[in-house]
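Notes follow the structure.
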Amino acid sequence: MSSVAQQLINWHKHHGRHHLPWQKSQDPYAIWLSEIMLQQTQVNTVIPYYQRFMQEFPTIRRLALAPLDSVLALWSGLGYYSRARNLHQAAHILVRDYQGQFPDTRETIQQLPGIGRSTAAAIAVFAFQKREAILDGNVKRILARYFSIRGYPGNTSIQNQLWQKAEELLPDNHCHGEMEIYTQALMDLGATVCTRSKPSCTLCPLRQGCSAHAENTVDQLPTPKTRKLLPCKDAIFLILMQHHKILLQKRPAHGIWGALWCFPEVEIGVNTNHYCQQQWGISIGSSRTLPALNHQFTHFKLRIHPQMLHVISSTLDVCNQFIWIDPIEALEHAIPVPVRTLLKQNVLSHNDKLRSAELSL
Ligand code: SF4
């Protein structure tokens, strides 16, 4: 076994994380769910979501049978909603093609929507005790530093070098749970010791062999992506209020915030009162512009200009594209973060004021 693997396995015994809820399980479904939730999300944020999700959808079949809306609602606040849509779609495929069972090889798992090579490998290791290398963001960082591999890890050639190193370090013998302990140790080292900023090299079991530590280049590795200035888009969000309810519109299934409930969005420059009348037969009384709100996606920044509009009358035919809903109830729906923020900051307090004004009349 490579000395790195041995050092990590020894380290994990006393310093690794042993009490994460999904570690109690060898159920590939539970492992899959945790791995997907942990992408781009901290453990502490994931735990309550994971527990609620497992309670609501304890099996692949239950997840496949659930409406997408309920799945997205449980995911609401965790971000990167394509993960939830892919989970749901993959559950359908597992029920349809695999009798609700998870395939047990990395190659087959990797065919499912939303599962890349590293996630497939983690599932294969933890659920089926396979000998497979993982290469998530944490592992890329450890390997880039340990072997002093320069270049942005997202570049194919750098990524190939990192995969090769990840393969070389694997324990030879995958009996006695060594692969699981080794894989978990790598994840834990990246999350708790070899962190993005201020890594704790003095506590690291790998420091004697670590090139970046020896060369004093830890803070330069991994090489960051060359920053491109993100384009900025502007949009108006219409907060239409009628009898203490707001109007939400379901977004198209594909694209930004796919299938989530959102305030109707219009382009800058549109005459909103006229638009509401023309499009939906909604007559507006008073209106108010609220402070703008910024939201960043991976490829662009969105500057949201919310407008609160008081509805006098509406002939809008609500169907599965629109709902008039109490703002408190809306918080339980699958809504994007800026909608949640606007509801909490503006709509709920506004409704409270209106209600107390009505009571005092
Ligand atoms: S010695 Fe420091 S940089 Fe090297 S692997 Fe350990 S924590 Fe990371």
A careful count of residues in the range 270-316 that are open to solvent by less than 50 Å² (accessible area, probe 1.4 Å), of a type outside the set (A, V, I, L, M) and under 25 Å from L78 (Cβ atoms) gives 4
Legend entry - Residue in the range 222-244 that is open to solvent by 30 Å² or more (accessible area, probe 1.4 Å), within 12 Å of the ligand (Cβ to nearest atom) and either part of a strand (DSSP E or B) or modelled with pLDDT of 95 or more (or both) present: yes
Output for Cβ contacts, cut-off 9 Å, separation at least six or different chains, first residue in the same structural domain as I9 (by TED's automatic domain parsing) and over 17 Å from K165 (Cβ atoms) in the range 205-224, second among the hydrophobic types (A, V, I, L, M, F, W, C) and within 8 Å of the ligand (Cβ to nearest atom), reads none
Those residues of the range 192-217 which are buried (at least 19 other Cβ atoms within 10 Å of the Cβ) and either of a type in the set (A, V, I, L, M, F, W, C) or within 30 Å of S287 (Cα to Cα) (or both) amount to V193, C194, C204, L206, C210, A212
- Report yes if some residue within the range 178-191 is at pLDDT below 95, of a type in the set (G, A, S) and either surrounded by 15 or more Cβ atoms within 10 Å (Cβ to Cβ) or within 16 Å of the ligand (Cβ to nearest atom) (or both); otherwise report no. yes
Checking the structure you have, find out if any residue of the range 280-290 is assigned by TED's automatic domain parsing to the domain that holds I236, part of a loop (DSSP other than H, G, I, E, B), at positive phi and in contact (Cβ under 8 Å) with a residue 24 or more places away in the chain.
yes
With criteria (1) free of Cβ contacts under 8 Å to residues at least 60 places away in the same chain; (2) open to solvent by less than 60 Å² (accessible area, probe 1.4 Å); (3) at positive phi, A30 comes up short on (3)
Restricting the range 192-220 to residues that are more than 7 Å from the ligand (Cβ to nearest atom) and of a type in the set (D, E, K, R), the one nearest to the chain's Cα centre (by Cα) turns out to be R196
message = Quick check on V43: is it under 15 Å from the mean Cα position of the chain (by Cα), open to solvent by less than 20 Å² (accessible area, probe 1.4 Å) and under 26 Å from V337 (Cα atoms)?
response = no
Scanning the range 166-177 for residues that are surrounded by fewer than 19 Cβ atoms within 10 Å (Cβ to Cβ) and at pLDDT 95 or above gives E167, E168
Just one listed residue, out of P58, P103, is farther than 27 Å from W257 by Cβ, free of Cβ contacts under 8 Å to residues at least 24 places away in the same chain, open to solvent by less than 20 Å² (accessible area, probe 1.4 Å) and not in a helix (DSSP H, G or I), and it is P103
Among K198, K140, the single one that is of a type in the set (D, E, K, R) and within 30 Å of K24 (Cβ to Cβ) is K140
Query raised in the report: Within the range 187-202, is there a residue that is in contact with a Pro (Cβ under 6 Å, 6 or more places away or on another chain), assigned by TED's automatic domain parsing to the domain that holds A124 and acidic (D, E)?
Result: no
Residues in the range 23-38 that are of a type outside the set (D, E, K, R), under 16 Å from L186 (Cβ atoms) and at pLDDT 90 or above total 3
Out of curiosity, is N160 at pLDDT 95 or above, away from the ligand (no atom under 15 Å from the Cβ) and either in a loop (DSSP other than H, G, I, E, B) or out of contact with any helix residue (DSSP H, G or I) (no Cβ under 8 Å at 6 or more places or on another chain) (or both)?
yes
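The values are calculated or read from the model by the stated rules, or taken from the named source; none is laboratory data. Keep in mind that this is a model prediction, so the values were computed, not measured. Reconstructed Cβ throughout: ideal geometry from the backbone, glycine too, with neighbour counts over all protein chains shown. In case anyone asks, the SASA skips ligands and DNA or RNA and just uses the protein heavy atoms, side chains included. Shrake-Rupley method; radii C 1.70, N 1.55, O 1.52, S 1.80 Å.
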